[in-house]
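Note sheet for the following structure.
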Amino acid sequence: MTVPNDRRVDGRWSFEDFKSWTYGDSNAELFDDQYFEDPDALDLNVLSECGDAGILVLISNQNCRERLYFADLLVLSLCSVFRSDSGLPFHFSRFLGIESREAYFDSVLSVAERVYKKCEVINSMSGSTDPASRYINRLWTFVMTK
């Protein structure tokens with residue numbers, strides 16, 4: 001899909017918008033004034049629209065614009081696998097009692113599913129010869145040994 005170079009993307013970007021931009025098919029402003037006002041908004045947009053596997057697709061392109069930005073974002077996202085503690089089955093306040101068995105198991109399963117998806121992405125990079133994947137693997141190894 002080729003996008004005209006003058007295409008403007010307002011508001012949230014989709015995975016296809018990011019893909020077009022990183023491949024050089026769009027000259028829309030990714031790091032515009034809104035980014036400098038709230039860089040977390042862009043990070044959250046990338047993570048929610050692309051996910052870990054989508055970001056890996058973006059940086060797998062050797063000519064990806066801002067490849068390092070996307071690779072760093074992927075590493076930070078993958079490191080969240082260590083923050084997957086599902087906690088105890090109590091409501092926000094322990095005085096409200098214990099959650100239902102179904103609600104607790106659903107939340108634990110949801111966390112486990114999210115962790116497993118991240119591990120699938122990590123595993124898919126393990127044998128890659130792509131420089132971006134090797135960079136991420138080096139960062140991952142560094143994080144794992146600390």
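The values are calculated or read from the model by the stated rules, or taken from the named source; none is laboratory data. Note that the coordinates shown come from a computational prediction; the quantities given were computed from them, not determined experimentally. Ideal geometry is used to build each Cβ from the backbone, glycine not excepted, and the neighbour counts take in all protein chains shown.
Observations on the model:
- Of all residue pairs spaced 6 or more apart or on separate chains, those with beta-carbon atoms under 6 Å, a first member in the range 38-64 that is part of a loop (DSSP other than H, G, I, E, B) and a second member that is not aromatic (Phe, Trp, Tyr) are 64/22; 64/58.
- Residue check for residue 110: surrounded by fewer than 16 Cβ atoms within 10 Å (Cβ to Cβ), modelled with pLDDT of 85 or more and farther than 30 Å from residue 20 by Cα: yes
- Contact map, the range 10-32: residues that are free of Cβ contacts under 8 Å to residues at least 40 places away in the same chain and of a type in the set (Lys, Arg) paired with residues that are surrounded by 15 or more Cβ atoms within 10 Å (Cβ to Cβ) and not in a loop (DSSP other than H, G, I, E, B), Cβ distance under 9 Å, separation 6+ or inter-chain. Pairs shown: 12/45; 12/49; 19/50; 19/54; 19/57; 19/58.
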